[in-house]
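Read through the structure below, which is laid out as structure tokens, and then see the notes.
The values are calculated or read from the model by the stated rules, or taken from the named source; none is laboratory data. On a predicted model such as this, the values are computed, not experimentally measured, just so you know. Note: ideal-geometry Cβ built from the backbone for every residue, glycine included; neighbour counts use all protein chains shown. Keep in mind that these areas ignore ligands, DNA and RNA; they rest on the heavy atoms of the full protein, side chains included. Shrake-Rupley method; radii C 1.70, N 1.55, O 1.52, S 1.80 Å.
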Amino acid sequence: LGRFVKPPKAISVSSPQEAWEKYGRKSIAYPKKDGWHFQIHVDGQQITLYSRTGKNYADRLPATARRLVEQVGGQRAILGVEMVGYNTEDRPLPPERLLKAHHHRCWVLDALYLDDEDLTTKPTVERLEQLSGWLSKRPGATLVSSEFHRFTDSDSWHRFFGQCLQ
């Protein structure tokens, strides 16, 4: 807690069909929001907002940092999120306007540490189940649960992929 954990690199594939053939039945997918990836470390009232490169943005996003600390409720956590900026009409802004946004939402993608427990050795499915329960106890508008999907067949995979591209 408090030290940047380098995130795994994304795996590139050439087509949805290749992705299904290699990873489909084992995958958990979510619609990718267009924002900045952050690793949020909260330890009581202390917060660090690490960018993908390990730079701390908490001082540049103080209002969002305060709301995150309030929503976490004094607990200790490390969360992987996609932060999206919104304008005054609650419309998403392009990523390059993130630092000038009226407000932010952090779409939670993963939990590395929750409730004094290191989750990094747990399977993704278990981490997401624990994360879902943890988030349900923390109402608020800044940390938002991502919509995760699992697939049993190629048709649902391709429909999901097509919807994401729209």
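Among what's in region 92-119 and is open to solvent by 70 Å² or more (accessible area, probe 1.4 Å) and touching a residue at least 40 places away in the same chain (Cβ under 8 Å), pick the residue that is farthest from residue 48 (Cα to Cα). Walk me through it before giving the result.
Our first condition is that a residue be open to solvent by 70 Å² or more (accessible area, probe 1.4 Å); within region 92-119, this holds for 92, 96-97, 100, 102, 115-116, 118.
Still in the list and also touching a residue at least 40 places away in the same chain (Cβ under 8 Å): 92, 115-116.
Working: 92: 23, 115: 17, 116: 17 Å.
Per the stated criteria, the residue is 92.
Each row is one residue, and each column tells you yes or no for (1) farther than 19 Å from residue 15 by Cβ; (2) in contact with a Lys or Arg (Cβ under 9 Å, 6 or more places away or on another chain).
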{"position": "120", "(1), (2)": "yes, yes"}
{"position": "137", "(1), (2)": "yes, no"}
{"position": "145", "(1), (2)": "yes, no"}
{"position": "154", "(1), (2)": "no, no"}
{"position": "163", "(1), (2)": "no, no"}
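Counting only residues that are modelled with pLDDT under 95 and outside any strand (DSSP E or B), which one in region 79-118 is nearest to residue 147 (Cα to Cα)? Filtering region 79-118 for residues that are modelled with pLDDT under 95 and outside any strand (DSSP E or B), the one nearest to residue 147 (Cα to Cα) comes out as 115. Within region 147-166, the only residue that satisfies the criterion of being more than 28 Å from residue 67 (Cβ to Cβ) and in a strand (DSSP E or B) is 150.
Go through region 120-139 and give me each residue that's over 15 Å from the mean Cα position of the chain (by Cα) and either closer than 23 Å to residue 64 by Cβ or surrounded by 16 or more Cβ atoms within 10 Å (Cβ to Cβ) (or both). Passing the criteria: 136, 137, 138, 139. Given the structure, is residue 144 at pLDDT 95 or above and in a strand (DSSP E or B)? Considered against the rule, which asks whether it is at pLDDT 95 or above and in a strand (DSSP E or B), residue 144 comes out as no. If only residues of region 21-65 that are assigned to a strand (DSSP E or B) and hydrophobic (A, V, I, L, M, F, W, C) are counted, the one that is surrounded by the fewest Cβ atoms within 10 Å (Cβ to Cβ) is 28.
Within region 1-30, residues that are touching a residue at least 40 places away in the same chain (Cβ under 8 Å) have Cβ atoms under 6 Å from residues that are open to solvent by 100 Å² or more (accessible area, probe 1.4 Å) and of a type outside the set (A, V, I, L, M) in these pairs: 28/150; 30/147, counting only partners at least 6 apart in sequence or on another chain. Suppose the filter is among the basic types (Lys, Arg) and within 16 Å of the chain's Cα centre (by Cα); does residue 105 pass it? Yes: the conditions hold for residue 105.
Checking 88, 142 one by one, the residue that is hydroxyl-bearing (Ser, Thr, Tyr) and open to solvent by 70 Å² or more (accessible area, probe 1.4 Å) is 88 and no other.
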